[in-house]
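Notes for the one structure printed next.
The values are calculated or read from the model by the stated rules, or taken from the named source; none is laboratory data. All of these numbers come straight from a predicted model, not from anything done at the bench. As a convention, Cβ positions derive from the backbone with ideal geometry for all residues, glycine included, and neighbour counts pool all protein chains shown.
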Amino acid sequence: MAQPDFWNRPERSQAVVAELKALKAILKPMETLARQTDDLHALLEMAEEDAELAAEVPQALEQLEAQLKDLELKALLNGPWDGHSAIVSIHARDGGADAADWAEMLLRMYINWAKSRDYEVELLDRQDNDPAGIASAAIAVRGPMAYGYLKGESGIHRLVRISPFNAEGKRQTSFAAVDVTPEITDEKEVEIREEDIEEQVFRSSGPGGQHVNKTSSAVRLTHIPTGIVVACQTQRSQHQNRAAAMRMLRARLARIEEEKREAEQAAKYKQMPKTGFGSQIRNYFLHPEQRVKDARTGYMVTDFHRVLDGDIQPFLDAYLRWRAAQEEPSTKTHS
């Protein structure tokens, strides 16, 4: 970063800054933990002769244990892309207007979570639904370990509530699909051949002003070998939308490679992969009682609105611990 020409390539320099932040997110807590451990040793020695200092030991030990648990969680973020930023895509599924409304609620939930961690959020794509909600949306969540924390959110999220769109006040079940991929900023990490891409341009349909809506600035890319389709229409220029769409495509391809690795690892331990787009992972209930329960970990809370306001970190932490337990090879022996 001290090189004179460091800022001449904005995308590359931003990637390096992001890498530095990710490293600091690990190193600073480790340094703090080491310092607090030394302080605790000194406190224990003095506490042997001072009753008042002895009374401070339990609180100091509790703080140290909390720091250690946080570091243990970070140690579980050891996948090849876990330190990267994330691209979160949300699609309304079965449930009509309720599903579209539910998809928008999830979009808000992830944005609130990201902001609570001081992550940067960029809207990459949004398709509004009539009369309410969204048909789909994609956001980039940029910050240390964003993908590592969020990758377990991929799958189907199910909502049960009294429908605000039903005049008879009947209970409605809605589904939304979430897909999380790592944002790959370095083209060398995931190479894409231009001959493998089919490109289409079209007029943007979302909000953005007269220029955005009346020019063919939106871009849709199809990766021919895999059939993956990505689109971006939130930027003013076609060039910017294409660059964003390429990042989304690179992210999807990186996720496919990671899923292959996970499947191979799961097969090694004679397990089926526990993640993947299309699996129902979490249930959210507003009726008959409030609760949110993860179908994989069993973790549950009864404050529905707190979760939808972005307080999902306990679910993410529970998934990391559960996933680590699933990946451990069996140590049982047969007699």
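If you check 183, 199, which single one turns out to be at pLDDT 80 or above and more than 26 Å from the chain's Cα centre (by Cα)?
Values: 183 fails: more than 26 Å from the chain's Cα centre (by Cα).
Answer to the selection: 199.
Somewhere in region 70-85, is a residue in a helix (DSSP H, G or I) and buried (at least 16 other Cβ atoms within 10 Å of the Cβ)? Can you show your working first?
So the first thing to find is which residues in region 70-85 are in a helix (DSSP H, G or I), and the list is 70-75.
Next cut, buried (at least 16 other Cβ atoms within 10 Å of the Cβ) only: 73-74.
The answer is yes, given that some residue of region 70-85 is in a helix (DSSP H, G or I) and buried (at least 16 other Cβ atoms within 10 Å of the Cβ).
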Of the criteria (1) outside any helix (DSSP H, G or I); (2) over 26 Å from residue 240 (Cα atoms); (3) at pLDDT 85 or above, which one residue 60 fails: (1)
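Here is a yes/no grid of residues against (1) touching a residue at least 24 places away in the same chain (Cβ under 8 Å); (2) among the basic types (Lys, Arg):
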{"residue": "84", "(1), (2)": "yes, no"}
{"residue": "88", "(1), (2)": "yes, no"}
{"residue": "93", "(1), (2)": "yes, yes"}
{"residue": "104", "(1), (2)": "yes, no"}
{"residue": "108", "(1), (2)": "yes, yes"}
{"residue": "112", "(1), (2)": "yes, no"}
{"residue": "115", "(1), (2)": "yes, yes"}
{"residue": "121", "(1), (2)": "no, no"}
Here, strands (runs of 3 or more DSSP E) confined to region 114-207 with at least 1 residues that are among the small types (Gly, Ala, Ser) are 134-142, 155-162, 171-182
Output the number of residues of region 100-132 satisfying the condition of being at pLDDT 95 or above and not β-branched (Val, Ile, Thr). 16
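Does residue 99 count as more than 17 Å from the chain's Cα centre (by Cα) and either in the same structural domain as residue 160 (by TED's automatic domain parsing) or among the hydrophobic types (A, V, I, L, M, F, W, C) (or both)? Write out each step before concluding.
On the way: more than 17 Å from the chain's Cα centre (by Cα): yes; either in the same structural domain as residue 160 (by TED's automatic domain parsing) or among the hydrophobic types (A, V, I, L, M, F, W, C) (or both): yes.
So residue 99 passes the test.
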